[in-house]
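The values are calculated or read from the model by the stated rules, or taken from the named source; none is laboratory data. These numbers were taken from a predicted model, which means no experiment stands behind them. Note that each Cβ is placed from the backbone with ideal geometry, even for glycine, and that neighbours are counted across all protein chains shown.
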Amino acid sequence: MRFCGQCGTALAPRCPQCGAEAPTGFRFCGQCGASLERGAAATEDPAPAAAAKPAASTRDQSRLASYTPKHLAEKILKARSALEGERRQVTVLFADLAGFTTIAEQRDPEEVHGIIDRCFELITAEVHRFEGTINQYTGDGVMALFGAPIAHEDGPRRAVHAALGIQQALREYGRELQAERGLALKLRIGINTGPVVVGRIGDDLRMDYTAVGDTTNLAARLQQIARPGSVLVSGATHKLIAGFFETLDLGETPVKGHAPVRVFEVLRHRGRRARLDVAVERGLTPLVGRDRELGVLRELFHEVKAGRGQVAFVAGEAGIGKSRLLLEVRRALADAGEPVTWLEGGCISFGQSIPFLPLIDQLRASFGIEEFDGEPEIIAKIEHGMRRMGELEAHIPYIRYMLSVDPGDPAILAMDASARRRKIFDAASALSLRGAALQPLVLVFEDLHWVDTSSEEYLASLMDSVAGVRLMLVLTYRIGYTPPFGARSFHTAMTLRSLSAAEALAMARQVLGAEQFPEELRAALMEKAEGVPLFVEEVTKTLLDLGVLRREDGGYRMVKGISEVSVPDTIQGIIMARLDRLGEDGKRTVQLASVIGRRFLQRLLERIAGFAGRLEGLLQELKALEIIYEQGLLPEPAYIFKHAVIQDVAYQSLLVQRRKELHRAVGHAIEELYADRLADHCEELAHHFVNGEEWDEAFAYLIRSGDKAKDAYANQAALDFYGKALEVGQRIGAKVPPRRMMAIYQQRAQVWRLSSRYAEAIADSEQMLALARSVADRRGEGEALVELALAHWLTFASEHVPDTKRCAEQALAIAGETGDRLVLAKSLTYLGLVDQVDGNLLEADRKLEKALRISEEENFRDSISQCQNWLAAHANWRGEFEKALVFCRAGERTAAEIHDGLQELIGLSFRCLALTSLGEYAEAFAAINDGMAKAKDRNSAFIIGRLTNSLGWLHQELGDFARAVEYNRESVDIGRRVKNPNVEISAAINLGLDHLNLGAPGQAVSLLEETLVRVEKFAFGAHRWRWMIHLHVYLGEALLASGEPEQALIQVEKALVQARATGSMKYVARCHALRGDIALRAGHASPAEADLAEALRIARAIRYPTLTWQAAHLLARARAATADMEAAVEVARLAAETIDGVAARIPDPALKRTFLAWPRVQAALDDRSRLERGTGLLP
């Protein structure tokens, strides 16, 4: 309002940006600095009204079946002259409503007519979307053809896309009918490809088809046998669509009136087979006017090949062709067959706060990381790539950290930021230098005028290392940026100049495809394009769009004076002028599409545009003008702006409030169009509602997006969404229930834990706790406390155990007060784990079993799986292997049901241990192989390390120490690489046993004593007492073999005390066996016999065959030493029989031979024979 509504007095103008009063004469706001002239212009030319919601269709329902879009009708009529009596290869689609006869009999005819008309409308729309034609309506179905009358080389693919689109549309309509009228509606579709004869097309688009062979008949038969809701295709069609769709081979299938045929069910579209930007790149005009610069860069590369590194600085204005020049250099090197690794990274205008952005681009390209790769895939690719290069092991965690995945070493997360930054610099430099040592390396950093500080500092640190290696740095930037890297002898700077008049004309000739130009056009190009290649291309196309140029006789003629046309002075103006000349509908289409994004779906644009029946034509015009490109065959038509800058200019031309309105409109349109698939679009919805400032919806979709990313292990995306949700929630304020904010902190804490970022997990759990306490939410307080207890526990740091206990005890008290059984179950679980730390497994079991009962009663499946796995672990440690198997299998099953991949693998790893202990070797090998495949598929380095260790132990049990040492060394390497002491130390202990059995007891003693020191100083909780038992036993064996029985006995006594205290019966038995062996070697047969008899008793009780035959063999020798020959023979036979049983269960013949050749096995079998013959034992 510019004047008072009461008295007519002129009102003081106000700033359109901040609302402050703007005194007369001011050109800029004194409060915020915004332009007042733009505000005045905006006031005089008000924003267009918000896009109206599309009205419901008013077409007569009786005409729906015969409707054909205008552009398609024109194509058909244009093609009709070539279709008289012509033989064509077509794809025939038959669609039929399942059970329609029953519906027709039960419903009013008018209602049935409305339903079938709506179905025909949906089917027809999808057929026409992929430029098929409806040949006939069959009462309750249709026959459609693809490939005639409009020829398409990809007709079969279009037909299948249409079929999937039809099924999707009918599913949506079916749900609507089910909800409103209780009707179940499904469609069968059959598709076949083959020859037909096409008759004459009339002006009414009627067409007669005569089938040649059984093309049409087979399509109809396939439709008849299709399962309702499915799409079946013949073998002929499948051959033409294979690779583009996921299909299920149904094999040779009987078909009525036809020999059996190979049939496939189409499940879904596989996605595009190539990136769009590659297709766009094919449209580039040939390079003009850059021969000198191209030559310089190639010469610099030859210097690099000779080991003299180079840095090239390429400067120029926007659109001058910096990126294009580098593309041509890369192509030239490829054409010349030059061995080179070329990696590019670009800075972006809004990326100056994103550390290492261009470097991250290069790393992702180097390791082949795709856009949708999750954390496990990224880690695997980094590890594989850097290991393959060699000499980079120490730098892997820092590269992982830079790519926002778990570094594998909690110490990195705890490092001082500046120290970690230096390490990252070192790692990135080492990777580049190592790559350059293997093959000449070109690293391109584009648009440094937008560079982030971290990347700039990294480049500065890298400069000194370039000169003596086969490395070429290419840095591009706009005029105005000054590189802060100084000047060196190996630096080369070049500034791209504007094209000369001749070069600009040469480029224009390439655009127009003509040699001759009117003089006026030459002048316009020189004046308006200023020799900037992008400007030349756009100005030339602008003149064509305006109709200033007309093609005649191989050249162009001016039909309008240049002076009549206002050609913009800048690229921004050029693009905006082109948009203005599109007309109201055309420009509005581009603007609306720009809000959706660089890529947009036609159906979504149609919903917000309100161009009833006209949008498709407008899009075709925009395609012809090369404003947009069609994005290829997708499940539904989609487009992309040719240049991102076109989208940006169109978007920026909208008033801020209009943008918000449109973002809201897009968001609501997505909700309506994809109501049954909102999970597929929640990220887009979050984006649009955030930008539309519709905060309630934004909040909800940000949470859903975070949850989706979390479930997909896209951890950084999840953290970003949850972080934004917390911001929006704070903006909304009191309207957001504290419970929802607490849930976000809880979910984000879970992501932090998954990423091994425990400090952040603890911080978010404390925020959750503070929120709960601020509103006196005792249930929420309990939930936060168990989250805190778990976060502290997962640090595997002894100093966090008191916090785990404190939080769990407080949670337990609250559970008693509130009756919250989930909090009760989880608090008991974590208190049980605290008992585990102290070695009190019986009390730990009591708590875990109680937690499990509660969880099973309430179906808390995440808690169930965790309890089952830890109960399995405890049973394994006590030697209760069969009980362990029951819990393992249950834990695996529960975890698999809820898609908890880590808990499933943990359960499987405990199952492998129990199976091996019980002598079920074939099943153990199968479980390990299955676990390895799953762990590698999920990129779980921890589980891969654990199972590799288990595989080493399994080979130890069977006497194959040569193979065992390989597996155990590999496991040690994995543990070190991923900074997991659980894996590394466990494997190192087994490695000591390998050395002992391979005849190197001194090496075994040295390794085991070193490992013992590490465990005493650094091990955590349960690991300490378990590993100490293992180490004391193995060290005792190694010391005995080294001739130090007194020292060996000391180790045995230490192990026995701890094993008895924790109920570790397997190791109690091993201690008795080892103590008996020590006594036997010292000539003390009677005490030896007592210990060995106890060892055998326990081994048989827990069903552990390895210790059974080993203890029985030693006991036979002890009884022989006491002259109890009958008893000696008895246990010697037991040893031999157990050995035979073990050998019988070994699945691999070579491994069985190795087992039977094991000297210890041979000694047991030889002693049995000697005792039976009465020839006496060898010493």
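At a glance:
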{"quantity": "Some residue of the range 441-451 being among the acidic types (Asp, Glu) and either crowded, with 20+ Cβ neighbours inside 10 Å or part of a strand (DSSP E or B) (or both)", "calculated": "yes"}
{"quantity": "Looking only at the range 606-642, and only at residues there that are part of a helix (DSSP H, G or I) and in contact with a strand residue (DSSP E or B) (Cβ under 8 Å, 6 or more places away or on another chain), the one that is nearest to ARG664 (Cα to Cα)", "calculated": "LEU619"}
{"quantity": "Residue count for the range 1147-1164, restricted to those that are of a type in the set (A, V, I, L, M, F, W, C) and either farther than 23 Å from GLU920 by Cβ or not in a helix (DSSP H, G or I) (or both)", "calculated": "2"}
{"quantity": "Number of the condition not met by ARG969 [criteria: (1) out of contact with any Gly (no Cβ under 8 Å at 6 or more places or on another chain); (2) over 22 Å from ILE1029 (Cβ atoms); (3) surrounded by 22 or more Cβ atoms within 10 Å (Cβ to Cβ)]", "calculated": "(3)"}
{"quantity": "Number of the exception - GLU693 against (1) in a loop (DSSP other than H, G, I, E, B); (2) modelled with pLDDT under 90; (3) more than 28 Å from PHE244 (Cα to Cα)", "calculated": "(2)"}
{"quantity": "Evaluation of ASP720 against (1) touching a helix residue (DSSP H, G or I) at 6+ places or on another chain (Cβ under 6 Å); (2) within 20 Å of ASP680 (Cα to Cα) (one fails), failing number", "calculated": "(1)"}
{"quantity": "Flag for THR916 being polar (S, T, N, Q), at pLDDT 95 or above and either under 27 Å from the mean Cα position of the chain (by Cα) or part of a helix (DSSP H, G or I) (or both)", "calculated": "yes"}
{"quantity": "Looking only at the range 834-845, and only at residues there that are assigned to a helix (DSSP H, G or I), touching a residue at least 24 places away in the same chain (Cβ under 8 Å) and not aliphatic (A, V, I, L, M), the one that is surrounded by the fewest Cβ atoms within 10 Å (Cβ to Cβ)", "calculated": "ASP845"}
{"quantity": "GLU672 vs. criteria over 22 Å from GLY723 (Cα atoms), out of contact with any Leu (no Cβ under 7 Å at 6 or more places or on another chain), part of a helix (DSSP H, G or I) and not small (Gly, Ala, Ser)", "calculated": "yes"}
{"quantity": "Criterion: part of a helix (DSSP H, G or I), in the same structural domain as GLU781 (by TED's automatic domain parsing), touching a Lys or Arg at 6+ places or on another chain (Cβ under 6 Å) and crowded, with 16+ Cβ neighbours inside 10 Å - qualifying residue of LEU831, LEU812, LEU848, LEU822", "calculated": "LEU831"}
{"quantity": "Options VAL261, VAL296; residue that is in the same structural domain as GLY321 (by TED's automatic domain parsing), surrounded by 12 or more Cβ atoms within 10 Å (Cβ to Cβ) and either modelled with pLDDT of 90 or more or assigned to a loop (DSSP other than H, G, I, E, B) (or both)", "calculated": "VAL296"}
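Quick grid of which residues meet (1) of a type in the set (A, V, I, L, M, F, W, C); (2) more than 34 Å from the chain's Cα centre (by Cα); (3) in a helix (DSSP H, G or I); (4) surrounded by 17 or more Cβ atoms within 10 Å (Cβ to Cβ):
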| position | (1), (2), (3), (4) |
| --- | --- |
| LEU852 | yes, no, yes, yes |
| SER865 | no, no, yes, yes |
| ASN869 | no, no, yes, yes |
| ASN876 | no, yes, yes, yes |
| CYS888 | yes, no, yes, yes |
| GLY891 | no, no, yes, yes |
| ALA895 | yes, no, yes, yes |
| HIS899 | no, no, no, no |
| GLN903 | no, no, yes, yes |
